[in-house]
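Structure first, commentary second.
Readers should treat all values here as calculations from the given coordinates under stated rules, not as data from a laboratory. Since this is a predicted model, take the numbers as computed values, not measurements. Cβ placement follows ideal geometry from the backbone for every residue including glycine, while neighbour counts extend to all protein chains displayed.
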Amino acid sequence: MKKHLDISPFERYKNRKLLIENKISFLGPDSELSIYDTYRQASRVSLSADQVMYCGMITGKKVMHNLDNSESQIFLPHESYVIKPKGCVEIDFPEAQEDSPTTCLTVEISKDRIDAISDKMQDLIPSNGIGKNWEYQSENIHLHHTADTQKLLNRLVGLFTNNHPDKEVLVGFGISELVTRLLRQQSRDLLLNYAHHVPDSDSITTVIDYLKHNITKPFEINQLAQKACMSRSALYTAFKNHLGCTPGDFYWQLKLEMAADMLQKGQSITTVCYGIGFNDPSHFCRRFSQFYGCTPSQYQKTKQTLN
């Protein structure tokens, strides 16, 4: 992602004022983008937000300490961390160096803007009766984001840092897309949690529960449609509405999320590969890299258990 930053690492280094969380900021409509560079190892550096703050890693590694629940999580490129309004985290920088800074970006977004998008999504896609699916859940959350979200963050950096004549409009579109992706992820997590506790609630939760318990088996759309008591086209539509993806995409997401969890617990790549139903280690590594932005071995090395 570094190559997409219009302000080069050299320029940011030359103009830095602080070694810890050196910051450059750019204003946009109902939002502010900041780029943070850290050139020295440090621990328990505080970061707070007045509004919702969406954080994306660019290079390096952080350890995020959630003060709400004393949970600590490793934060890497291709991941997001969202700080709630008036929220605060403390950050460790275990790898920051003068010639290899830890770099991340943040996008602070007004709560009013998020609520307006949430209301619009609720009007367009009803919540299926499972809680208020599209309502913003005010909490600090750590999540993996897709390659499409990574591209969006890259694009937002370019929009914020350039004086395009349509900058405000284009930034506004980008912020709306980012918020939509955040709300979609929260809705997905809420639905998966609901399916875990009430698997036979409706057709979608039935299929989710089935996939989670049969993740090593080949994907069979006709079998899923039969279990859901739906046509194939109706099942595709339901998944698109409530999970933002096809049943097949969701199946692969579950597989790779399970693989990541097994790798983080120290299981070998070969064991993980065959354990979740892959027959070819090369295919597994290729799929994993496309989803997580790094190879299984790189992921396992950087996700070592916190001391």
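For His65, the shell of other residues with beta-carbons less than 11 Å away shows a net charge of -2, using +1 for Lys and Arg and -1 for Asp and Glu. Peptides 254-260, 240-246, ordered by how many other C-beta atoms sit within 10 Å of their residues on average, highest first, read 254-260, 240-246. Taking the three principal axes of the alpha carbon atoms in the stretch 198-302, the coordinate ranges are 42, 25, 21 Å, sorted in descending order. Each Lys or Arg adds one and each Asp or Glu subtracts one; over the other residues with Cβ under 14 Å from the Cβ of Leu235, this totals 0. Against the chain, whose longest principal axis comes from its Cα atoms, helix 147-161 is set at around 30 degrees. The alpha carbon centroids of the stretch 236-268 and the stretch 276-298 are separated by 13 Å.
Can you list the trypsin sites (Lys or Arg not before Pro) in the stretch 68-126 that are in a DSSP coil and have 12 or fewer other beta carbons within 10 angstrom? Filter output for the stretch 68-126: Lys86. Extension gain, Leu143-His197: 0.36 nm per intervening residue step, less the Cα-Cα distance, totals 17.3 nm.
With a sphere of radius 13 Å drawn around the Cβ of Pro29, what net charge do the other residues whose Cβ falls strictly inside it have (Lys, Arg +1; Asp, Glu -1)? Intermediate results must be reported in sequence, preceding the final value.
On the way: positive: Arg113, Lys167; negative: Asp30, Glu32, Glu108, Asp112, Asp166, Glu168.
Result for the local shell: -4.
Please state the relative contact order of the chain as a whole percent: Cα pairs under 8 Å, 6+ residues apart?
Details: 488 pairs, mean separation 46.5, N = 307.
Averaging sequence separation for qualifying contacts and normalising by length gives 15 percent for the chain.
With angles folded into 0 to 90 degrees, how steeply does helix 232-243 sit against the dominant principal axis of the chain? Use alpha carbons for both and round to 10. The answer is roughly 30 degrees.
Tell me, what is the Rg over Rh of the chain, with Rh the Kirkwood radius over Cα pairs?
My calculation puts Rg/Rh at 0.98.
By the Cα gyration tensor, the stretch 30-162 has an equivalent ellipsoid whose semi-axes, rounded to whole angstrom, run 28, 18, 13 from largest to smallest. Scoring 48-56, 262-270 by mean Cβ neighbours within 10 Å over their residues and listing the highest first yields 48-56, 262-270.
Sorted on the mean count of surrounding Cβ atoms within 10 Å across their residues, most packed first, peptides 32-42, 197-207 read 32-42, 197-207.
Calculate, for Trp252 and Glu98, the FRET efficiency according to 1/(1 + (r/R0)^6) with r their C-beta to C-beta distance and R0 30 Å; round to the nearest 0.05. Walk me through the numbers on the way to the answer.
Numbers: r = 41 Å, r/R0 = 1.35.
It comes out at approximately 0.15.
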